[in-house]
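The structure appears right after this line, and notes come after that.
The values are calculated or read from the model by the stated rules, or taken from the named source; none is laboratory data. Keep in mind the model is a prediction, meaning the values are calculated, not measured. Cβ sites come from the backbone with ideal geometry, for glycine too, and all protein chains shown count toward neighbours.
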């Protein structure tokens, strides 16, 4: 049976290959989920900040038609 080395708690441990793959798989899955959550957090905060700093649509004056636009040909 082949052996592999993993780093756990600052120590190098010699374990079976399947245990090492499971250890690396868990770390990889944990980091992937953490990255996904961080990306969602950045997107949510960016959207929230944009939404809260956007001007109020009621506060923006509507353009009034000019005399030329009101004139009937």
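Among the criteria (1) modelled with pLDDT of 90 or more; (2) part of a helix (DSSP H, G or I), the one residue 49 does not fulfil is (1).
Within the stretch 13-36, residues that are on the phi < 0 side of the Ramachandran plot and at pLDDT 90 or above have Cβ atoms under 6 Å from residues that are surrounded by 13 or more Cβ atoms within 10 Å (Cβ to Cβ) and part of a helix (DSSP H, G or I) in no pair, counting only partners at least 6 apart in sequence or on another chain.
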